[in-house]
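Student: This is the structure I want to talk about, given as structure tokens.
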Amino acid sequence: MPENLILRRKAGRPKGAASTTQVRMLELLRVLSPEAMVTVGKKFADSLGIKKTEGE
């Protein structure tokens, strides 16, 4: 390995971090049933006052 090569470590997303994207609520409602389980971030759910629903 060349001596002048600088190795970059820990660049980018941290290990275990999740990627997110934005979609319109209308699109979600179009493709999901009203009883569908949806995965959301804990902080997001807490900020909306949503309590965890036990899985079926």
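The values are calculated or read from the model by the stated rules, or taken from the named source; none is laboratory data. Everything numeric here is computed off the predicted structure, so don't read it as measured data. Reconstructed Cβ throughout: ideal geometry from the backbone, glycine too, with neighbour counts over all protein chains shown.
Table: residues versus (1) part of a loop (DSSP other than H, G, I, E, B); (2) at pLDDT below 70; (3) of a type in the set (S, T, N, Q).
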{"position": "PRO2", "(1), (2), (3)": "yes, yes, no"}
{"position": "ALA11", "(1), (2), (3)": "yes, no, no"}
{"position": "ALA17", "(1), (2), (3)": "yes, no, no"}
{"position": "VAL23", "(1), (2), (3)": "yes, no, no"}
{"position": "LEU28", "(1), (2), (3)": "no, no, no"}
{"position": "ALA36", "(1), (2), (3)": "yes, no, no"}
{"position": "THR39", "(1), (2), (3)": "yes, no, yes"}
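Student: I need the full set of residues from the range 41-56 which are exposed (fewer than 10 other Cβ atoms within 10 Å of the Cβ) and either touching a residue at least 12 places away in the same chain (Cβ under 8 Å) or in a helix (DSSP H, G or I) (or both), in order please.
Tutor: Start the filter on the range 41-56 by keeping residues that are exposed (fewer than 10 other Cβ atoms within 10 Å of the Cβ), which leaves 42-43, 47-49, 51-56.
Matches in the range 41-56: LYS42, LYS43, SER47, LEU48, THR53, GLY55, GLU56.
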